[in-house]
Amino acid sequence: MPASGTLRLPPRIHFGFGVRAQLPRVIAEHGIRVFAVVDPMLASSPEFLAVLDGLDRSGLTVEVHTDVLPELPVDSLTESGAAAAAFAPDVVLGYGGGSALDAAKLVALLVAHSGVLSDYYGENRVPGPVLPIVAVPTTAGTGSEVTPVAVVSDPAQTMKIGISSPYLVPAAALVDPELTLGAPPSVTAFSGIDALVHGLESFTAADLPLDWSGDLPVFTGHNLFADRLALDAIRAIAPNLAGAVADGGDRDAREQIALGSLLAGMSFGPSGTHLSHALQYPIGALTKTPHGLGTGLMIPYVLQACVPVIPEKLAAIDAAMGGTETDTRIAAQDAVDRVADLCRTIGIPGSLAELGIERDQLPHIAELALRSKRLVDISPIGSDPALLLAILEAAYAGDRAMLAAPVR
Ligand SMILES: NC(=O)c1ccc[n+]([C@@H]2O[C@H](COP(=O)([O-])OP(=O)(O)OC[C@H]3O[C@@H](n4cnc5c(N)ncnc54)[C@H](O)[C@@H]3O)[C@@H](O)[C@H]2O)c1
Ligand SMILES: [Fe+2]
């Protein structure tokens, strides 16, 4: 298929130690009333208090909202949206991990369009621009600061559900690695491996037949821009993640995974991710485990199933991770082994059995994963229920050899 590409990104992205000092200027471009959705753990941190002081001294009126609950229950967001509407902000600031950033996006949506969030579940259902969102991540990370999606949990749904729309792409992203220095090892590991999975799944996304004369899907599949960004993301994250987990004060490692997370978000925002994400939704719902733990657990098995189908792409990933093997099939297997080694090193569980999942739950997990159509449509190996079940069986047993005969 001929190359094509789509990018939908914030008009402003700043990256680097100290870039948060730009925040008053960036926010002031959008107005003076600021509704700040802040991770509750960070609201009293010296870094955030300094940010607040800077906004205050710039004449901005800020309301700080810290009701960001784990897993983003939809009712809590309805309340956050009402609090924001009462304040009548010009702009919404999101400050925190992916949960706070997603909450900020959804508050900006509710203030602009009212209604209830279930009106917007799925793809392309947001009817127009939302309030400008300025996103400042403190994990590296989800990439939510640059992506068109936010994920909530709703008791009426079996698993977390996404709201995806180009209108949810923030107006500005300020990625300051300094803010990630305090993240504990487990947060660093789970959010960091998720960022790597974003790069890996964006780079391996399938070609979608796009109708350029019609409405485009939010996630456009294989994408020539995303390819380049994804490989750079992998190059930045893979050699540095274990170091950042082992020593949270390693500024160089923190810088590189923050950069990689941003690049991965820029990559998967337009392209989408696929099977590790589709499978994580039901696994996360059943086991109450973090998003990155689930995507990190599944990725070696998903990639293993990809070896016979897209060896060239996996070989390119191997090279991005530092491999020098020139035989494509061996290099493809090396890439999967490298990803699995990294997961093991940073403490990602190696099997679904370790999470307490029972073997007889696997067909149900496969069936639920298939409901995430936007994700399974981008799978490079199809989404045959038998294939998903085979991936799950291998992940349950913690044995990648069940998916393919090892090359050597
Ligand atoms: N919108 C997207 O594109 C996208 C992509 C992937 C995941 N997500 C969503 O993002 C969420 C996960 O985000 P996450 O992995 O960033 O975790 P998170 O935001 O849920 O934060 C995890 C924990 O880390 C703490 N924390 C965050 N930053 C910290 C810091 N600098 N120092 C100390 N503690 C800190 C938080 O208080 C929280 O307890 C999930 O809800 C997931 O569904 C969104
Ligand atoms: Fe993710």
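The values are calculated or read from the model by the stated rules, or taken from the named source; none is laboratory data. As the structure is a prediction and not an experimental result, all values here were calculated from the model. Every residue, glycine among them, receives a Cβ derived from its backbone with ideal geometry; neighbour counts consider all protein chains shown. Heads up: the accessible areas ignore ligands, DNA and RNA and are worked out on the full protein's heavy atoms, side chains in. Shrake-Rupley method; radii C 1.70, N 1.55, O 1.52, S 1.80 Å.
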In region 171-204, residue farthest from ligand 2 (Cβ to nearest atom) [restricted to those that are charged (D, E, K, R) and open to solvent by less than 10 Å² (accessible area, probe 1.4 Å)]: 176
Residue within region 51-65 that is within 19 Å of the chain's Cα centre (by Cα) and among the aliphatic types (A, V, I, L, M) present: no
Flag for residue 352 being open to solvent by less than 30 Å² (accessible area, probe 1.4 Å), touching a Phe, Trp or Tyr at 6+ places or on another chain (Cβ under 6 Å) and at pLDDT 95 or above: yes
Of residues in region 22-36 being under 10 Å from residue 89 (Cβ atoms) and touching a residue at least 60 places away in the same chain (Cβ under 8 Å), the one least open to solvent (accessible area, probe 1.4 Å): 35
Helices (runs of 4 or more DSSP H) (entirely within region 272-325) containing at least 2 residues that are open to solvent by 20 Å² or more (accessible area, probe 1.4 Å): 275-287, 311-320
Condition check for residue 214: farther than 25 Å from residue 35 by Cα and either modelled with pLDDT of 95 or more or in a helix (DSSP H, G or I) (or both): no
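How do the helices (runs of 4 or more DSSP H) wholly within region 46-144 filter down when requiring 3 or more residues that are among the small types (Gly, Ala, Ser): which remain? Spell out the reasoning first.
Details: elements: 46-57, 74-87, 98-113.
Per the criteria, 74-87, 98-113.
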Test: residue in region 144-159 that is away from ligand 2 (no atom under 16 Å from the Cβ), at pLDDT 95 or above and surrounded by 22 or more Cβ atoms within 10 Å (Cβ to Cβ): no
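Which residues, counting only those in region 233-246, are in a helix (DSSP H, G or I) and either open to solvent by 10 Å² or more (accessible area, probe 1.4 Å) or touching a Leu at 6+ places or on another chain (Cβ under 9 Å) (or both)?
As a first pass, look at region 233-246 and keep what is in a helix (DSSP H, G or I): 233-237, 241-246.
The answer is 233, 234, 235, 236, 237, 241, 242, 243, 245, 246.
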Residue tally, condition within 15 Å of ligand 1 (Cβ to nearest atom) and surrounded by fewer than 24 Cβ atoms within 10 Å (Cβ to Cβ), over region 81-96: 0
Set 77, 49: member being within 16 Å of ligand 1 (Cβ to nearest atom) and open to solvent by less than 20 Å² (accessible area, probe 1.4 Å): 77
Total residues in region 162-181, condition of a type in the set (A, V, I, L, M), out of contact with any Ser or Thr (no Cβ under 7 Å at 6 or more places or on another chain), outside any loop (DSSP other than H, G, I, E, B) and near ligand 1 (Cβ under 10 Å from one of its atoms): 2
Qualifying residue in region 247-263 (condition: in contact (Cβ under 8 Å) with a residue 40 or more places away in the chain, open to solvent by 10 Å² or more (accessible area, probe 1.4 Å) and in contact with an Asp or Glu (Cβ under 7 Å, 6 or more places away or on another chain)): yes
